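**Student:** What follows is a single structure, and I will ask about it in a moment.
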Amino acid sequence: MNLGEKVIYQVYPKSFYDSTGNGKGDLAGVIEKLDYIADLGVDLIWLNPFYPSPQKDNGYDISDYCAIDPTYGTMADFERLIAEAEKRGISLMLDMVLNHTSIEHEWFQKALAGDPEYQDFYYLRPAKADGSLPTNWQSKFGGPAWEKFGDTSLYYLHLYDVSQADLNWHNPKVRQALYQVINFWLAKGVKGLRFDVLNVIGKDPNFQDSQEPGSNQEKHLYTDTPIVHQWIKEMHQATFGRYDDIVTVGEMSSTDVANGIRYSNPTEQELSMIFSFHHLKVDYQDGEKWSDPEFDFIALKQILDTWQKGMSDHQGWNALFLNNHDQPRSNSRFGDVIHYPYETQTMLATAIQCLRGTPYIYQGEEIGMTDPGYQSIDDYVDVETLNHYQILQEKGYPIEKIMNIIRKKSRDNSRTPMQWDSSKHAGFTKGTPWLKVADNYQTINVERARKEGKIYKYYQDLIQLRKDYPIIQEGSYQGIQLDHPQIMAYERQYQGQFLLVVNNFYAQPSKLMLPSKYLDKSSQKLIGNGPLQFLTEEIMLQSYETAVFLLKDG
Ligand code: NOJ
């Protein structure tokens, strides 16, 4: 399979299009908008979870793996969605949330009722001799990672929300049950699988305390442990490895390049590719997400470079992305959406999509949707955001500072309803949206973008470029002048040709000296958002300008 040729579009169903008027998007809504997605030219749609769920973590708390939550529709809707997408040459990628279930899942409920078979599906541990929790681990959403297990004297582990109990993958029955879930969806014709936080499934059952609670050192206790690779290989064999056309991607929290290579090098028989997140932590203060420093541009480039080189040199494969449902909008984060909305969005898209890997586009970025900048905490609904609103207050931060941080970092930033047109609620729903629409929907919406906007068209062209040029699909990667303070430049190389990609990440125009090896070649500009047309020894890039050149002999 040529992974480099594919482009994946992420749909967050709850916020995509509401066909019923209940304020939440649904599968029938995705079907209605399939032509829009198909027009972009993408190959797969990754759908965030739509399974039955109490929605404590927006569907990542699953209470039944093999059904559809009634808010999203029915199994018949899902089957229609697969069929309608296939008609348009698009396949579906589903979210497999196999690290944890909701505590409302039948397995957890049976465990609570005292069934020992199901108690062994989870990590249940007694308190320490001194009465303290089994370990001092922190939940990734804030607070301790252990919660009382019913009215027993035990505690269950939850690395995420208290309603998301971690599954005991050491139990072969758990693994078999999860493989059946995967096979259930593959039998329905699903062609892609996105595995949620897959690299934290391998906890050491002799739970050890962390030396620095909440730190990276703590994460190492349960992240990328050797057994994870063993289980992924087993899962591969028992499920998607039996087909030859399934695209898989593992969401790898705090991973490293060495593990990334193992997860995605085809000879390992694990996954097609991975998501890693280090490049999206460049606006964290000392590793702390809930802070609001300026982003560190040099770090952004260096991290992307390390991953690109490392994976390229050892046949690993990256998922390429700057946006998803957990991240603030990258245009609000790394650019200027007020003064340069077109330049910012197209520059970021070019910088990321021309790298070596498979690009993911998150709904709305193709029209330049932004963070909503809500003024009140009451507008936010995400559990992680609301927890940190409390935690930051307990740390003594003033409310104004907390709100600034939340406006920059909340996951709700990307989850606002898709802006379809300039009618009420951006045409997303006829009811009341579950999350407030961003105020700018009258200027930023699909209807306008398609009629007079330039961003959507640019995305179409960029996607087509990947389809047309093997150098983008397969070329090796080499960074250029990594210490340049404003410009991210890199080359791809394939069969004696070069692709040169230059991006100015700032409003201030900036110069770049080009290596002489490019200048004796003939060059052709393939795409760009600004005036640069020809390559000379020194090129000048305007505000947020991007340009891509193909260089050949003769
Ligand atoms: C990663 C998902 O992307 C995120 O939305 C979710 O909260 C956590 N995993 C827990 O499932």
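The values are calculated or read from the model by the stated rules, or taken from the named source; none is laboratory data. On a predicted model such as this, the values are computed, not experimentally measured, just so you know. Cβ sites come from the backbone with ideal geometry, for glycine too, and all protein chains shown count toward neighbours. Please note that ligands, DNA and RNA were not included when accessible areas were found on the heavy atoms of the full protein model with its side chains. Shrake-Rupley method; radii C 1.70, N 1.55, O 1.52, S 1.80 Å.
**Student:** Taking the Cα centre of the chain as origin, sum charge times position over the Cβ atoms of Lys and Arg (+1) and Asp and Glu (-1), and report the length of that vector in debye to the nearest 20. Mind showing how you got there, number by number?
**Tutor:** Numbers: 53 positive and 74 negative charges, 180 e Å.
It comes to approximately 860 debye.
**Student:** Compare the peptides 128-136, 454-462 by average per-residue count of other Cβ atoms within 10 angstrom and give them in order, highest first. Don't skip to the end; give the middle numbers.
**Tutor:** Numbers: 128-136: 13.3, 454-462: 19.1.
Packing order, densest peptide first, comes out as 454-462, 128-136.
**Student:** Right, next: For ASN216, put the label point 7 Å out on the Cα→Cβ axis and report which residues of segment 282-300 keep their amide N under 11 Å from it.
**Tutor:** From segment 282-300, the list is 286-288.
**Student:** Let me ask something additional. Filter the trypsin sites (Lys or Arg not before Pro) in segment 382-445 down to the DSSP loop ones having no more than 15 other Cβ atoms within 10 Å, then list what survives.
**Tutor:** LYS395, LYS430
**Student:** Within the chain, which is the longest segment that contains none of the GluC sites (Glu not before Pro) sitting in a DSSP loop with at most 11 other Cβ atoms within 10 Å?
**Tutor:** Working: sites that count: GLU294, GLU452, GLU537.
Longest gap between qualifying sites, sites excluded: 1-293.
**Student:** On full extension of the chain, what length is gained from SER153 through LEU512, given 0.36 nm per residue of separation minus the C-alpha to C-alpha distance? Working shown, then result.
**Tutor:** Numbers: separation 359, 0.36 × 359 = 129.24 nm, distance 6.47 nm.
Length difference between fully extended and current span is 122.8 nm.
**Student:** If the viscosity is 1.002 mPa s and the temperature 20 °C, what Stokes-Einstein diffusion coefficient in µm²/s follows for the chain when Rh is the Kirkwood radius over Cα pairs?
**Tutor:** For the chosen part, D equals 88 µm²/s.
**Student:** Between 0 and 90 degrees, rounded to the nearest ten: what's the tilt of helix 75-87 against the longest Cα principal axis of the chain?
**Tutor:** Here the helix axis deviates by roughly 20 degrees.
**Student:** Here's another thing I want to ask about it. Angle, helix 297-313 long axis vs. longest principal axis of the chain, Cα atoms, 0 to 90°, nearest 10?
**Tutor:** So the helix axis and the longest Cα principal axis differ by about 80 degrees.
**Student:** Further, regarding this structure: For the chain, find the longest principal axis of its Cα atoms and tell me its angle to the long axis of helix 172-187, 0 to 90°, nearest 10.
**Tutor:** On a 0 to 90 degree scale, this one is about 50.
**Student:** Counting every Cα pair in segment 475-552, what percent are over 16 Å apart?
**Tutor:** Numbers: 1344 of 3003 pairs.
Result: 45 percent of Cα pairs exceed 16 Å.
**Student:** Ignoring ligands, DNA and RNA, what accessible area per residue does segment 306-381 give at 1.4 Å, in Å²?
**Tutor:** On the way: 1940 Å² over 76 residues.
Heavy-atom SASA per residue in segment 306-381 reads 26 Å².
**Student:** Could you give the length gained on full extension between THR267 and GLU294, defined as 0.36 nm per residue of separation minus the Cα-Cα distance, in nm? Intermediate values should be presented prior to the final figure.
**Tutor:** Numbers: separation 27, 0.36 × 27 = 9.72 nm, distance 4.03 nm.
Value of the extension gain: 5.7 nm.
**Student:** Excluding THR346 itself, calculate the net charge of residues whose Cβ lies under 11 Å from the Cβ of THR346, where each Lys or Arg counts +1 and each Asp or Glu counts -1. Write out the running numbers ahead of the final one.
**Tutor:** Values: positive: LYS454, LYS457; negative: GLU343, GLU365, GLU366, ASP461, GLU545.
Within the 11 Å Cβ shell, the charges total -3.
**Student:** Which listed residue (HIS236, PHE141, ALA547) has the Cα farthest towards the positive end of the charge dipole for the chain, taking +1 on Lys and Arg C-beta and -1 on Asp and Glu C-beta about the Cα centre?
**Tutor:** ALA547
**Student:** With all protein chains present, how much of the accessible area of the chain (probe radius 1.4 Å) comes from carbon and sulfur, to the nearest whole percent? Working shown, then result.
**Tutor:** Values: 9970 of 20770 Å².
C and S fraction of accessible area: 48 percent.
**Student:** Along the charge dipole of segment 178-293, which of TYR179, MET273, GLY214 sits closest to the positive end, that is, farthest toward it, with unit charges on the beta carbon of Lys, Arg, Asp and Glu (+1, +1, -1, -1)?
**Tutor:** Result: TYR179, furthest along the dipole toward the positive end.
**Student:** Enter the accessible area per residue of segment 106-166 (Å², integer; probe 1.4 Å; all protein chains in place). Working shown, then result.
**Tutor:** On the way: 2630 Å² over 61 residues.
Result: 43 Å² of accessible area for each residue.
**Student:** Also, quick follow-up: What does the helix-only formula give at 222 nm for the chain: each DSSP H stretch with n ≥ 4 adding -39500 (n - 2.57), the total divided by the residues, and the result rounded to the nearest 500 deg cm²/dmol? Mind dumping the intermediate values first?
**Tutor:** Values: 18 runs with 166 residues, N = 554.
When only DSSP H runs of four or more count, the value is -8500 deg cm²/dmol.
**Student:** Can I ask one more? Taking only protein heavy atoms into account and a 1.4 Å probe, give the accessible area per residue of segment 477-554 in Å². Don't skip to the end; give the middle numbers.
**Tutor:** Working: 3450 Å² over 78 residues.
With all protein chains present, segment 477-554 gives 44 Å² per residue.
**Student:** So who's got an amide H within less than 5 Å of the one on MET96, skipping anything under 5 residues away but keeping other chains? H placed 1.01 Å off N, in plane.
**Tutor:** Excluding prolines and chain starts, which carry no amide H, the hits are ARG194, PHE195, ASP196.
**Student:** Let me spell out the model: positive unit charges on the Cβ of Lys and Arg, negative unit charges on the Cβ of Asp and Glu, origin at the Cα centre of segment 250-323. What dipole size does that give, in debye rounded to 20? Don't skip to the end; give the middle numbers.
**Tutor:** On the way: 5 positive and 12 negative charges, 50 e Å.
Computed charge dipole of segment 250-323: roughly 240 debye.
**Student:** Would segment 106-166 count as rounded, prolate or oblate if I go by the C-alpha gyration tensor, calling it rounded below 1.5 in a/c and otherwise prolate when a/b exceeds b/c, oblate otherwise? It would help to have the intermediate numbers written out before the result.
**Tutor:** Numbers: a/c = 2.36, a/b = 1.30, b/c = 1.81.
Because a/c hits 1.5 or more and a/b fails to exceed b/c, segment 106-166 counts as oblate.
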